[in-house]
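The structure appears right after this line, and notes come after that.
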Amino acid sequence: MQTNDLPPIPESLIGTLLAARHVVVLTGAGISAESGIPTFRDRAEGLWTKYAMEDLSTPAAFRRDPALVWDWYAHLRETMRQAQPNPAHHALVELAQRVPRMTLLTQNIDGLHQRAGSADVIELHGNIFRAKCDSDGEPVEGWEQSHETPPRCPRCDGLVRPGVVWFGEHLPSAALATAEAAVRDCDVFFSIGTSSEVEPAASFAPRALDRGATVVMVNLDVRTSAAAWLYRFHAKAGGFLPFLIQTVWGV
Ligand code: NAD
């Protein structure tokens, strides 16, 4: 493994990880960047550069132009379908096998953790491969066979929308409750590839720290805020996480 560019891992963190009881990992768009999925800031590429995210990822945008929003998500869905899990996703599968308990929380909608083999992933922002009725929020099946843009709900003929959480919407209550319980219980909290600007997930790390957990950040961007981090690693997740696992557990 090429380690020249990777930050050293302090002995104190190695000891903490070897003794960890419950590790919580929060991932954001950055962990999938090396799989070729643009992060929030990068993703309005190509055809879509003329649109602001408010024109694509809000309930108001869908009300204004449902076909535009549906088409944007269809485009993103294809990008995500073609992407493959990268070494960072695989390293988290490995991590779960090394510690007594791990809870994986993701803000990503791409399903790459599950495709890498992670079980029981808590999806805070939904999943782009699912869809729901815009009227009652209930899941809709069979929409992929529809030729309408967007498809219609087979129950009420309402519009079908992507099964993701948009800006200004609440997180799914069960996922949020599981996440909050895990944040209260954990003794180590990892924040990986997230700008920590989107609530409520942004406050998970400070809350874990307040309760005495060790907080570890892995992010490419040195400007990422949060004074709370105990350990900050400025590195690409796909290079750093396998290195961390190998350093701590020798695998
Ligand atoms: P963000 O785009 O706001 O932040 C991404 C972070 O990842 C940045 O801080 C960046 O510095 C960091 N980063 C980029 N490449 C990295 C790498 N190789 N290794 C480590 N860090 C790296 O994303 P966010 O905080 O997750 O929030 C934006 C919202 O948009 C979330 O809801 C998210 O689900 C959604 N989103 C999801 C996907 C996806 O499912 N893959 C992609 C784009 C956006």
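I'd like the full set of residues that are open to solvent by 60 Å² or more (accessible area, probe 1.4 Å) and over 29 Å from S135 (Cα atoms), limited to the range 147-196. Of everything in the range 147-196, just one residue is open to solvent by 60 Å² or more (accessible area, probe 1.4 Å) and over 29 Å from S135 (Cα atoms), namely R184. For the range 10-41, a residue qualifies if it is open to solvent by 20 Å² or more (accessible area, probe 1.4 Å), closer than 17 Å to I245 by Cα and assigned to a loop (DSSP other than H, G, I, E, B), and the qualifying residues are P10, A19, R21.
If you go through the range 196-203 one residue at a time, do you hit one that is within 25 Å of D5 (Cβ to Cβ) and under 20 Å from the mean Cα position of the chain (by Cα)? Give the steps one after another, and end with the answer.
Taking the range 196-203 as the starting set, the residues that turn out to be within 25 Å of D5 (Cβ to Cβ) are 196.
Add one more test, that the residue is under 20 Å from the mean Cα position of the chain (by Cα), and what stays is 196.
Yes, that holds for at least one residue.
Apart from one condition, A88 fits all of (1) open to solvent by 10 Å² or more (accessible area, probe 1.4 Å); (2) within 23 Å of V198 (Cβ to Cβ); the exception is (1). What number of residues within the range 122-140 are open to solvent by 10 Å² or more (accessible area, probe 1.4 Å) and away from the ligand (no atom under 14 Å from the Cβ)? Total satisfying the criteria: 7. Of the residues making up the range 79-102, those that are within 13 Å of the ligand (Cβ to nearest atom) and not aliphatic (A, V, I, L, M) are T79, R81, Q82, Q84, P85, N86, P87, H89.
Look at E144 and say whether it is closer than 26 Å to S195 by Cβ, over 16 Å from the mean Cα position of the chain (by Cα) and open to solvent by 20 Å² or more (accessible area, probe 1.4 Å). Judged against the criteria, E144 is not a match. For the range 111-121, a residue qualifies if it is closer than 16 Å to A175 by Cβ and buried (at least 19 other Cβ atoms within 10 Å of the Cβ), and the qualifying residues are G111, H113, S118, V121.
The values are calculated or read from the model by the stated rules, or taken from the named source; none is laboratory data. Keep in mind it's a predicted model, so treat the numbers as computed, not measured. Quick reminder, even Gly has a Cβ in these numbers, built from the backbone with ideal geometry, and neighbours come from all protein chains shown. In case anyone asks, the SASA skips ligands and DNA or RNA and just uses the protein heavy atoms, side chains included. Shrake-Rupley method; radii C 1.70, N 1.55, O 1.52, S 1.80 Å.
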